[in-house]
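Each remark here refers to the structure printed beneath this line.
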There are 2 protein chains.
Amino acid sequence: MSLLVVGTVAYDAIETPFGKTDKILGGAATYISLAASYFTKNINLVSVVGGDFDKKYLEILKKHHVNTDGIQIKENEKTFFWAGKYHIDMNTRDTLDTQLNVLADFNPIVPDNMRNPDFLMLGNLMPSLQMKVLNQMKERPKLVVLDTMNFWIEVAIEDLLKVISRVDVLTINDEEARLLSNEYSLVKAAQKILDLGPKYLIIKKGEHGALLFNKEQVFFAPALPLEEVFDPTGAGDSFAGGFIGYLAQTKDISFENLKRAIIFGSATASFCVEKFGTERLIGLSQEEVDERVQEFINLVQFDISLVD
Amino acid sequence: MSLLVVGTVAYDAIETPFGKTDKILGGAATYISLAASYFTKNINLVSVVGGDFDKKYLEILKKHHVNTDGIQIKENEKTFFWAGKYHIDMNTRDTLDTQLNVLADFNPIVPDNMRNPDFLMLGNLMPSLQMKVLNQMKERPKLVVLDTMNFWIEVAIEDLLKVISRVDVLTINDEEARLLSNEYSLVKAAQKILDLGPKYLIIKKGEHGALLFNKEQVFFAPALPLEEVFDPTGAGDSFAGGFIGYLAQTKDISFENLKRAIIFGSATASFCVEKFGTERLIGLSQEEVDERVQEFINLVQFDISLVD
């Protein structure tokens with residue numbers, strides 16, 4: 001089934017305790033699309049880049065079954081740029097530089113042939129832009145997933161609440177869930193956030209895994225314990241991409257299948273952090289993905305029967 | 001099968017964002033024994049208290065199938081006392097007061113009829129005392145589990161390493177694992193710690209669950225997402241108690257059964273944090289325990305078959 005991804009395509013400069021990079025490929029929509037490509041082959045990407053954007057990256061996306069026709073190229077402007085530095089625990093980072101560039105006046109026009117997706121992933125963007133995309137859909141997609149961040153909760157809460165009320169799945173991290181709900185307990189936070197409209201809430205806890213809530217149920221998937229987290233940039237977006245890619249592949253949006261999608265999303269994210277930026281997400285084999293999913297199964301599955 | 005628990009029986013005064021207590025029943029061996037009592041009925045406890053220790057607590061332990069004959073009562077001394085205060089995130093606490101009292105010159109003499117246990121749980125104590133207990137065993141128990149803390153890693157590392165080399169399972173928290181191994185990555189830390197002798201390592205991550213390692217495998221169990229963590233005191237010991245209690249009940253020390261034991265331990269610990277101190281661990285019904293274990297199963301189980 002078709003998947004439409006809307007979000008940033010960017011240049012990132014990253015510093016971790018293991019090294020640093022110059023401008024490399026980044027952006028939420030990039031990570032989402034690459035991750036989704038391991039599960040579904042019908043991906044459309046809507047974004048914006050500047051004239052400085054290296055065309056080889058478009059080729060990489062195309063090789064990953066991503067239709068890049070929806071990426072506006074503004075020849076006289078520059079690509080969105082973010083620079084950040086991670087600390088030893090990899091859970092905290094400092095933003096060193098943010099240059100909005102093309103993003104400052106981005107108007108996400110979805111090409112006509114992309115306005116009828118089965119699945120829609122709204123990557124982290126200004127909430128009013130996410131709403132603009134939603135309003136361009138010819139029919140309500142089967143499933144709409146929205147990602148956002150603390151910044152929009154702080155500066156654009158009204159627009160954000162409007163768009164949240166119209167999506168099926170909201171993905172945010174634990175701190176954002178607390179900020180949005182004003183509840184410290186994630187269980188209480190989840191119930192308050194589900195009251196805002198979405199049927200499902202995914203709370204991402206980084207190295208501590210992810211929680212999936214609906215009003216009656218909760219499911220938890222751990223992150224894979226790794227020898228070394230090399231660079232966490234894009235892990236959350238890779239998770240979301242694997243998640244929605246698996247749903248688009250299996251065409252099943254039951255809670256049971258969302259649980260599976262969370263495991264596939266976690267497996268995809270676990271590759272992302274092994275190298276800088278998108279490097280590890282490019283050109284994975286089906287065997288590598290399957291093997292990683294099997295590692296997750298081994299990590300958490302046990303056999304208890306409570307018949308005494 | 002018989003279980004011998006050695007560790008502190010104490011008075012605690014606890015302050016959390018939800019309230020505070022005067023002196024209430026506490027101590028590692030107390031939590032361990034109460035938790036284990038839901039799985040095995042043959043528990044011996046070796047510890048020490050002062051003349052100020054309320055005998056009603058001994059009755060509570062006895063009702064939980066705990067033989068308290070190994071608890072030395074020093075009539076002219078006072079019971080070990082700890083006072084602590086938790087912050088809003090419940091992951092950090094300040095120690096407000098520690099009065100060793102009877103613990104200062106504790107000599108753990110294991111009564112003769114308790115020197116041949118099938119399972120031995122060495123709760124957090126000075127490592128030389130843990131060794132003293134181990135040396136009193138007539139035969140090597142089927143399984144020895146040892147808990148310790150950052151303090152002993154810092155002030156008694158040589159004694160600690162000696163006793164660690166002689167146990168089967170070491171349980172510590174994530175910070176302690178990093179301190180003991182000098183590795184930030186828990187995967188690397190685990191491999192270094194397993195090189196010290198134990199066959200299994202359990203790394204407790206509080207609200208983020210627990211990891212079980214042997215040299216080839218890893219298993220992860222989450223903590224149950226709760227509406228409210230009321231008081232985390234004793235959660236780690238309740239976990240250890242449920243863990244070893246389940247093993248003593250099932251008499252199976254395979255990796256597969258250790259995985260199950262971790263789930264039962266996590267379920268038991270999830271009760272502990274719902275009220276102050278040991279309150280919630282006293283008088284649980286089998287139905288409550290089974291129901292909680294079922295919640296864990298629902299929380300993490302999914303069905304993925306990788307046959308494409």
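Values quoted throughout were computed directly from the atomic coordinates according to the rules given, and no laboratory measurement underlies them. The shown structure was predicted, so the numbers you read here are calculated from the model rather than taken from an experiment. For neighbour counting, all protein chains shown are included, and Cβ atoms are generated from backbone atoms with ideal geometry for every residue, glycine included.
Those helices (runs of 4 or more DSSP H) of the range B:115-206 in which at least 1 residues are out of contact with any His (no Cβ under 8 Å at 6 or more places or on another chain), polar (S, T, N, Q) and touching a residue at least 12 places away in the same chain (Cβ under 8 Å), considering only elements entirely within it, cover B:127-135, B:150-155, B:174-181, B:186-194. In the range A:76-97, the residues that are more than 14 Å from every other protein chain (Cβ to nearest Cβ) and among the charged types (D, E, K, R) reach residues that are part of a strand (DSSP E or B) and loosely packed, with under 15 Cβ neighbours inside 10 Å with C-beta atoms within less than 7 angstrom, at least six apart or across chains, in these pairs: A:LYS85/A:ASP94; A:LYS85/A:LEU96. Might you let me know whether the range B:230-245 holds any residue that is more than 19 Å from A:VAL300 (Cα to Cα) and of a type in the set (D, E, K, R)? Looking for residues that are more than 19 Å from A:VAL300 (Cα to Cα) and of a type in the set (D, E, K, R), one finds at least one in the range B:230-245, hence yes.
This table checks each residue for (1) among the charged types (D, E, K, R); (2) under 17 Å from the mean Cα position of the chain (by Cα); (3) crowded, with 24+ Cβ neighbours inside 10 Å; (4) not in a loop (DSSP other than H, G, I, E, B).
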site: A:MET1; (1), (2), (3), (4): no, no, no, no
site: A:LEU4; (1), (2), (3), (4): no, yes, yes, yes
site: A:GLU15; (1), (2), (3), (4): yes, no, no, yes
site: A:ASP22; (1), (2), (3), (4): yes, no, no, no
site: A:THR30; (1), (2), (3), (4): no, yes, yes, yes
site: A:LYS41; (1), (2), (3), (4): yes, no, no, no
site: A:ASN44; (1), (2), (3), (4): no, yes, no, yes
site: A:SER47; (1), (2), (3), (4): no, yes, yes, yes
site: A:ASP52; (1), (2), (3), (4): yes, no, no, no
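The set of residues in the range B:181-197 that are within 12 Å of chain A (Cβ to nearest Cβ) and of a type in the set (Gly, Ala, Ser) comprises B:SER185, B:ALA189, B:ALA190. Just to be sure, is A:ILE253 more than 25 Å from A:ASP89 (Cα to Cα), in a loop (DSSP other than H, G, I, E, B) and either hydroxyl-bearing (Ser, Thr, Tyr) or more than 14 Å from every other protein chain (Cβ to nearest Cβ) (or both)? Considered against the rule, which asks whether it is more than 25 Å from A:ASP89 (Cα to Cα), in a loop (DSSP other than H, G, I, E, B) and either hydroxyl-bearing (Ser, Thr, Tyr) or more than 14 Å from every other protein chain (Cβ to nearest Cβ) (or both), A:ILE253 comes out as yes.
Remark: B:ILE244 falls outside the filter, which requires a residue to be within 16 Å of B:ILE172 (Cβ to Cβ), more than 10 Å from every other protein chain (Cβ to nearest Cβ) and in a strand (DSSP E or B). Could you tell me whether A:SER128 is of a type in the set (Ser, Thr, Tyr), surrounded by fewer than 16 Cβ atoms within 10 Å (Cβ to Cβ) and farther than 21 Å from A:SER254 by Cα? Answer is yes for this residue.
For the residues A:LEU146, A:LEU134, A:LEU129, A:LEU160, the requirement of being under 19 Å from the mean Cα position of the chain (by Cα) and farther than 15 Å from A:LEU4 by Cβ singles out A:LEU160. Can you tell me which residues in the range B:283-308 are closer than 29 Å to B:HIS64 by Cβ, among the acidic types (Asp, Glu) and at the interface with chain A (Cβ under 10 Å from one of its Cβ atoms)? B:ASP290, B:GLU291, B:GLU295, listed by residue number. Annotation: B:GLY277 fulfils all but one of (1) away from chain A (no Cβ under 14 Å); (2) assigned to a helix (DSSP H, G or I); the unmet one is (2).
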